[in-house]
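Engineer: The structure under discussion is supplied below as structure tokens; questions concerning it will follow.
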Amino acid sequence: MINVAILGSTGSIGTSTLDVIARQSEQFNAFALTANTNVDRLYEQCLQFLPEIAVMVDINSANELQQRLKTQASTRHIHVLSGIKALDEVAEHDQIDYVMAAIVGAAGLDSSLAAAKSGKRILLANKESLVMSGDLFIQTVKDNGATLLPIDSEHNAIFQSMPARQTDVNTKNKNIEKLQVSGVEKILLTASGGPFLNKTLEELHNVTPDQACAHPNWVMGRKISVDSATMMNKGLEVIEASWLFNATADDIQVVIHPQSIIHSMVSYSDGSVLAQLGNPDMRTPIAHAMAWPERMASGVAQLDIFKIAQLDFEAPDFTRFVCLKLAYDTLRCGGTAPAILNAANEIAVAAFLKGQISFTRISNVVEETLNQLNSQTADSLEIIMAADAGARTLATQLCSKL
Ligand code: NAD
Ligand code: MG
């Protein structure tokens, strides 16, 4: 039996992971579940999956969950923990084999790193942790013999289309070669373009949070949904891909593909292009990473190739989707620039979701924050966290200015 910890079990990725586990309960056990404040959902999950440990970061939520679990004989054994440190405890727990890192935002960094330090198989959905601390993260994975498998659908597709030697980060101290050594010319990172692909800049100004969160192909949490609408999500994914596959900014071409059937491609020097296709459902990459190197059923319907009338491709427009350009700029700059980008974006997205700033102001806030703060060498977690904190303070000020 493989014991899995799901960090962020009440979210979109967390729920999909539990759906896969429920279908594969002979192989996988949900050993630990964690959430921030959603007591109702975590309680339901505890009733169904009977984990050993349940974490609620918020102390009041943890107390409430504890009381509810005590009323049922089947759930009385569950240890309820609270606080941020409990996430690290779970990620490092001796009895845990796999850690699904599915917390949203910088809040997921510490526990993802804790999983890497204790040599776990990390199923990485939390792209923000790689964006903030890519160098440190990959080094920690290597030093501790952890296994890093991407859950983000594009990166999972690239992983499946890459030669094994390009994805083998788990081998101790092994340095991955440049892509070209494996005959790879380019990574073609697909993007749906989000709900506003064809809107003009003027139209973008007045869009609402609910419009931004209504993604045409995927059902996701609100933060990543807004990131998809600004295309910051694709920008973060470019940075994520650079760390996972040892690629430079020039090695990664973003391709708009509105149908989200091809999840990404790898182009080779002999003219071959390998792609991974499937219905847009996160249970496919989740099941892939859990079963790897084997395969198992995920509950996702087989792709009906005859029903796909057409697959379209176009180049991204950096003038309407400024966030994508800013992310490329920070990747080229290196150091703490991606962490500053990520932190400013988290603040700006939260302000947009609360109705404090307009949609187009998100990219302004990120750009102004990047202009005002200098990037430094990101060689320690302290430096990265200081850059994150500085960017949050400045972006918060910028959001309150009209
Ligand atoms: P979500 O908002 O649906 O869920 C977030 C989860 O994190 C919840 O369980 C919540 O309780 C927990 N959480 C939130 N803030 C927390 C905090 N401060 N401390 C501890 N826990 C906290 O998000 P999601 O859509 O599932 O996305 C999760 C991650 O996966 C993100 O990094 C996202 O970019 C990535 N991802 C998501 C999808 C998708 O289809 N949803 C696809 C690719 C990548
Ligand atoms: Mg993605």
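The values are calculated or read from the model by the stated rules, or taken from the named source; none is laboratory data. Fair warning: this is a prediction, and the values are worked out from it, not measured in the lab. We place every Cβ from the backbone using ideal geometry, glycine too, and count neighbours over all the protein chains shown. For the accessible areas, the whole protein counts, side chains as well, though only heavy atoms, and no ligand, DNA or RNA atoms are used. Shrake-Rupley method; radii C 1.70, N 1.55, O 1.52, S 1.80 Å.
Engineer: Which value, in Å² and to the nearest 10, is the accessible area of Glu44 when all protein chains are kept and the probe is 1.4 Å?
Structural biologist: Answer for Glu44: close to 110 Å² accessible.
Engineer: Further, regarding this structure: At 1.4 Å probe size, put Ile96, Ile103 in order of accessible surface, largest to smallest. Provide the component values of the computation, followed by the final result.
Structural biologist: Details: Ile96 5, Ile103 30 Å².
Solvent-accessible surface, decreasing: Ile103, Ile96.
Engineer: In addition: Tell me, what does the Kirkwood hydrodynamic radius of segment 68-115 come to in angstroms if you use every pair of distinct C-alpha atoms?
Structural biologist: Values: mean 1/r = 0.0822 Å⁻¹.
With all distinct Cα pairs of segment 68-115 included, I get 12.2 Å.
Engineer: Hey, another quick one. From the cross-link list Lys127/Lys354; Lys70/Lys354; Lys307/Lys354, which pairs have alpha carbons spaced over 28 Å apart?
Structural biologist: Working: Lys127/Lys354 23 Å; Lys70/Lys354 36 Å; Lys307/Lys354 40 Å.
In this structure, Lys70/Lys354; Lys307/Lys354 exceed 28 Å between Cα atoms.
Engineer: Moving on. Report, ordered by chain and residue number, the aspartates and glutamates lying within cross-link reach of Lys85, taken as a straight Cα distance under 14 Å and ignoring same-chain residues fewer than 8 apart.
Structural biologist: Output for Lys85: Asp58, Asp110.
Engineer: Nearest 20 debye, what's the magnitude of the dipole of segment 1-134 about its Cα centre given +1 on Lys and Arg Cβ and -1 on Asp and Glu Cβ? Could you put the intermediate results ahead of the total?
Structural biologist: Values: 10 positive and 14 negative charges, 16 e Å.
Computed charge dipole of segment 1-134: roughly 80 debye.
Engineer: Still on this structure, please answer the following. As a test of understanding, state the convex hull volume per residue of segment 2-150 from its alpha carbons, in Å³.
Structural biologist: 91 Å³
Engineer: In segment 136-159, whose amide N lies under 13 Å from the spot 7 Å out along Cα-to-Cβ of Leu303? List them in ranges.
Structural biologist: 154, 157-158
Engineer: Can I ask one more? Mind checking which aspartates and glutamates have their Cα closer than 16 Å to the Cα of Lys401? Skip sequence neighbours fewer than 8 apart in that chain.
Structural biologist: Qualifying aspartates and glutamates at Cα under 16 Å: Glu367, Glu368.
Engineer: Give the relative contact order (percent, whole number) for segment 2-150; include only Cα pairs under 8 Å separated by 6+ residues. Display every interim value, and only then the final one.
Structural biologist: Working: 296 pairs, mean separation 31.8, N = 149.
21 percent.
Engineer: Hey, what number do you get for the chain at 222 nm if only DSSP H runs of n ≥ 4 count, each worth -39500 (n - 2.57), divided across all residues, to the nearest 500?
Structural biologist: Working: 16 runs with 181 residues, N = 402.
Computed mean residue ellipticity for the chain: -13500 deg cm²/dmol.
Engineer: Pull up the DSSP beta bridges for the chain and report the antiparallel fraction as a percent, rounded to 5.
Structural biologist: Details: 10 of 41 bridges.
Close to 25 percent.
Engineer: Follow-up. What are the semi-axes of the equivalent ellipsoid for the chain, taken as the square roots of 5 times the Cα gyration tensor eigenvalues, largest first, in whole Å? It would help to have the intermediate numbers written out before the result.
Structural biologist: On the way: eigenvalues 186, 133, 98 Å².
Rounded to whole Å, the semi-axes are 30, 26, 22.
Engineer: Relative contact order (percent) for the chain, with alpha-carbon contacts under 8 angstrom and 6 or more residues of separation? Numbers along the way, then the final one.
Structural biologist: Details: 782 pairs, mean separation 56.8, N = 402.
The value is 14 percent.
Engineer: With just the Cα atoms defining each centre, how far is segment 174-231 from segment 1-28? Give it in Å.
Structural biologist: The distance from the Cα centre of segment 174-231 to that of segment 1-28 comes to 25 Å.
Engineer: Need the C-alpha centroid separation for segment 325-348 versus segment 294-310, integer Å.
Structural biologist: Here the answer is 35 Å between Cα centres.
Engineer: Give me the percent of Cα-Cα pairs in segment 239-317 that sit more than 20 Å apart, rounded to a whole number.
Structural biologist: Of all Cα-Cα distances in segment 239-317, 46 percent exceed 20 Å.
Engineer: Find how many whole Å separate the alpha carbon centroid of segment 255-281 from the alpha carbon centroid of segment 42-116.
Structural biologist: So the separation of the two Cα centres works out to 36 Å.
Engineer: Explain nothing, just the number: dipole magnitude of the chain about its Cα centre with +1 on each Lys and Arg Cβ and -1 on each Asp and Glu Cβ, in debye rounded to the nearest 20. If you can, show how the numbers build up before the last one.
Structural biologist: Values: 30 positive and 43 negative charges, 81 e Å.
Using only the charged Cβ atoms, the result is roughly 400 debye.
Engineer: Still on this structure: Enter the accessible area per residue of segment 2-150 (Å², integer; probe 1.4 Å; all protein chains in place).
Structural biologist: On the way: 5580 Å² over 149 residues.
Result: 37 Å² of accessible area for each residue.
Engineer: Kirkwood Rh and Cα-based Rg: tell me the resulting Rg over Rh for segment 1-69, rounded to two decimals. It would help to have the intermediate numbers written out before the result.
Structural biologist: Details: Rg = 11.3 Å, Rh = 11.8 Å.
Radius of gyration relative to Kirkwood radius: 0.96.
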